[in-house]
Amino acid sequence: MRLFLVALASSLIGTIIGVGALFLTEDVGAADLSGLIPVMFIAAVLMCALCYAPGLFWLKKRMAWESAPAFLLTSAFVLNAPVFLFFIFAMSAGKFFSGLSEVLLFTAAFVAAGLAFGGGFVWYNRGRGLAAS
């Protein structure tokens, strides 16, 4: 249950970072927010459930990493690599994103969600063989 709450909180953090970046880069209307918030939140929840959690549990079990920053960086950058590649290819196709600023907005949101989930994963596993340093 705690890991589920960590996933929801990290998805919410990523969504808040994405919306904040949107407010900094563009004029935002209600239509933009009503489209962006559900898409970003649902995508971040799916990433937590389908990518971050299984990947970090696999690393903990197989690789026996004892360093908390390794889990943070892995969930923020390594496990997000397929998403980043999708963003680059979708931008080059010109069908999904309106430009580089929108790709960077989603990238920042997923990095923030990955960092938050990695930190929550370390918190969840404290006392279970994962050092905090």
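Is it true that residue 97 is at negative phi, aromatic (Phe, Trp, Tyr) and not in a loop (DSSP other than H, G, I, E, B)? Before you say what the answer is, go through the steps one by one.
Values: at negative phi: yes; aromatic (Phe, Trp, Tyr): yes; not in a loop (DSSP other than H, G, I, E, B): no.
No.
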* Only one of 115, 50, 72 is surrounded by fewer than 17 Cβ atoms within 10 Å (Cβ to Cβ), at pLDDT 85 or above and under 24 Å from residue 4 (Cβ atoms); which? -> 50
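I'd like to verify a number: residues in the stretch 14-36 that are part of a helix (DSSP H, G or I), farther than 22 Å from residue 120 by Cα, without any contact (Cβ under 8 Å) to a residue 40 or more places away in the chain and not polar (S, T, N, Q), how many?
Selection size over the stretch 14-36: 8.
Do we have residue 61 as out of contact with any Phe, Trp or Tyr (no Cβ under 7 Å at 6 or more places or on another chain), without any contact (Cβ under 8 Å) to a residue 60 or more places away in the chain and farther than 24 Å from residue 121 by Cβ here?
Numbers: out of contact with any Phe, Trp or Tyr (no Cβ under 7 Å at 6 or more places or on another chain): yes; without any contact (Cβ under 8 Å) to a residue 60 or more places away in the chain: yes; farther than 24 Å from residue 121 by Cβ: no.
When the stated conditions are applied, residue 61 does not pass them.
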* Single unsatisfied condition, residue 17 versus (1) surrounded by fewer than 17 Cβ atoms within 10 Å (Cβ to Cβ); (2) in contact with a helix residue (DSSP H, G or I) (Cβ under 9 Å, 6 or more places away or on another chain) -> (1)
* To do: Among the numbered conditions (1) outside any helix (DSSP H, G or I); (2) closer than 23 Å to residue 9 by Cα, tell me where residue 44 comes up short.
  => (1)
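The values are calculated or read from the model by the stated rules, or taken from the named source; none is laboratory data. All values reported here derive from a predicted model rather than from experimental measurement. When we count neighbours, we look across all protein chains shown, and the Cβ atoms used for this are built from the backbone with ideal geometry, even at glycine.
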